[in-house]
Amino acid sequence: MTDCATLLRDHVTLKCRSIDRIFLQAYVPKLQSVGQVCIFLRWQRKFKIPSSAAFGQIGEAYVKAIHRFAERHHIPVVHFQKGQNKEEVARPYLEAAAQQGHDCVVLIGIAQEKASAWRSWPSPGQQKARHPHMEWGREMVFINHFYFYLWDSEWGAAFWKTNAYAPFPIWLWLNGHEWAKRQLARAGISYEALDNGFRSCADPAALQKICDRLGPAAVKSFFWRWVRRLPSPFTRADLRAGYVYELAFRQFEISDTCVFDRPQAGRMWFEGVIRDHLDLGRPDQIALVFHRSVRRSTPGTFRTRVVTRGVDPTLCCYYKSSRLKQYFKEGRALRTETVISDTRDFHIGRRVCAQNWYALRAVGESANRCLCDAEAADAQPAPDVVTFCQVTQPSTTDDGLYAAGLRFGEARVMTVLAALVGFCHLVAGFRNRQMVERVRALGEVPYTARQATYDLHRLKRKGLIVKLTRTHRYQLTSLGRRVAVLFTKTYGRVLAPGLSALDPGLPEDVAARSPLTTAWRTFERFLDHYIQLQLIAA
């Protein structure tokens, strides 16, 4: 079977890196604390007593404005049922709007969902007072949400969700691939769509430049364009007083798509990747992908899944509230997606600005690239014979330091290399203590910190690891990973099962099932017979 690197090199007709789905939340910074809420109601809106009832009046007026807006523009209003697929309901309306090609609200959906809202109540002992002092808090309530399904000439299909309860949040869903399609159409560049992506493009270089151009300015332009068109609970006086929305990231997806020249090539790629990584340390490889080290104190769940629905597998890796997913899209393309659900997982702010946008994009593109590069590199790990001899035999470094050989098949060497080949060490590196823990977990007990120090020294002198500057952490080199993968695969897949098959004590009924065992025992019989003949002739 052709290896993964060859498939990606010779059988890919289009590569595209792009922002995929974007889920944002708009909030009013001046309504996020109790004091700010009271100032808004008492001094901005002139309510004598700041309370939930005051917000209720604002919310009722907002709901009426939404229904008047729907009537004026002849927009259908649909009440979603529990469990109903909202996208399926809105799709015919969006497709009809796409044919017309102008900006419009195609549907307003109403669904009861849970949300956090401000609520007030009289302070204890003041229930009967004429002007009671009110206490405030946020609580989760089931309330009506309004889904505005939009068709935008810049972004295509999108939805805008809000409710009539303070602090009047807005949730916004956009798609970077749809934005890129609109830009290609404007530039007169022909393309063929692949659902949420591209199957082909007349000018791949121009496509990539367009995808790279997408930034926070385009998102903010969309938001403020529709804020002025849609009903709002805030008046112009409120906006002049500073009660304006800020955008924050709720979910940010970065995708890398490789379109294969034929479906068989994509299936071969997935089969090769799954087979290659069944016995190479898996769960903490999530740390590699996201440039994060996993320690005992690191919160969150770390796991890896291989899901096979139908005939197309999906590889999912999880880190805290974010995940990385690989799947075979519509039988033609390898899609690698990094989904960041909490920007603070990577010490990046939530506010939508250029700094945070490009930092998130760098995290996602690095994760996608690291995963694909590691998968391709693991398929062809074998170094040349000279390098293999230098690793397995004693040698000296350029400065005259002695480096003991790493003998292939030695239990301690094989366990150490198997411990280091996990993806979690490729970027974040590892410490002496982490190496001890992983080696012990693989069954090499006892294994002490002093033994690990000795192994680290010889691995470093062999050029298989390097020490990270100003840290006590080490990192596998490219050569080190190739050697570790080669040793691990060969020992686990060839040597260990091969020696078991050649065991003379293997029962005959079991030996008969193995072609290797049958051939070896036949060879032994002929060899013994030949030796006896030669001794007799002598």
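Based only on Cα atoms, what mean projected area does the convex hull of the chain have, in nm²?
Details: hull surface 154.5 nm².
Taking a quarter of the hull surface, the average projection is 38.6 nm².
How large is the convex hull of the Cα atoms of region 453-538 per residue, expressed in Å³ as a whole number? Mind dumping the intermediate values first?
Numbers: hull volume 15.4 nm³, N = 86.
Cα convex hull per residue, to the nearest whole number: 179 Å³.
Counting only protein heavy atoms, what percent of the accessible surface of the chain is carbon or sulfur at a 1.4 Å probe?
Values: 14660 of 27240 Å².
Carbon and sulfur atoms account for 54 percent of the accessible area of the chain.
Give the separation of the Cα centroids, region 1-79 to region 202-266, in Å.
Each part reduced to its Cα centre gives a spacing of 13 Å.
Cα atoms only, region 102-258: Rg and Dmax in Å?
Answer for region 102-258, Rg first and Dmax second: 21.1, 74 Å.
Averaged per residue, what accessible surface does the chain expose to a 1.4 Å probe, in Å²? Before the final figure, lay out the partial values.
Details: 27240 Å² over 538 residues.
About 51 Å² of surface per residue is accessible.
Among 134, 85, 151, whose Cα lies farthest out toward the positive end of the dipole of region 73-174, if unit charges sit on the beta carbon of Lys, Arg (+1) and Asp, Glu (-1)?
Farthest towards the positive pole: 134.
Averaging sequence separations of C-alpha pairs under 8 Å and six or more residues apart, then dividing by the length of the chain, give the relative contact order as a whole percent.
On the way: 871 pairs, mean separation 78.4, N = 538.
Here the relative contact order equals 15 percent.
Rg and Dmax of region 72-180, using alpha carbons, in Å: what are they?
19.0, 63
Within 15 Å, Cβ to Cβ, of residue 203, how many net charges do the neighbouring residues add up to if Lys/Arg are +1 and Asp/Glu are -1?
Numbers: positive: 15, 181, 186, 199, 209, 213; negative: 192, 212.
Here the count lands on +4.
Note down the magnitude of the dipole of the chain about its Cα centre, charges +1 on Lys and Arg C-beta and -1 on Asp and Glu C-beta and zero elsewhere, to the nearest 20 debye. Don't skip to the answer; put the middle values down first.
On the way: 76 positive and 49 negative charges, 546 e Å.
With Lys and Arg at +1 and Asp and Glu at -1, about 2620 debye.
Which of 221, 211, 235 sits farthest toward the positive end of the charge dipole of region 188-259, with +1 on the Cβ of Lys and Arg and -1 on the Cβ of Asp and Glu?
235
So if each residue of separation counts as 0.36 nm, and I subtract the Cα-Cα distance between residue 84 and residue 203, what length gain in nm does that give?
Details: separation 119, 0.36 × 119 = 42.84 nm, distance 3.99 nm.
Full extension of this stretch gives 38.8 nm more.
Just report the Cα centroid separation between region 102-126 and region 387-417, whole Å.
66
The values are calculated or read from the model by the stated rules, or taken from the named source; none is laboratory data. This structure is a prediction, so every number in the text was calculated from the model and none was measured. Please note: Cβ atoms are built from the backbone with ideal geometry, for glycine as well, and neighbour counts cover all protein chains shown. When the accessible area is computed, the model is the full protein with side chains, heavy atoms only, and any ligands, DNA or RNA have been set aside. Shrake-Rupley method; radii C 1.70, N 1.55, O 1.52, S 1.80 Å.
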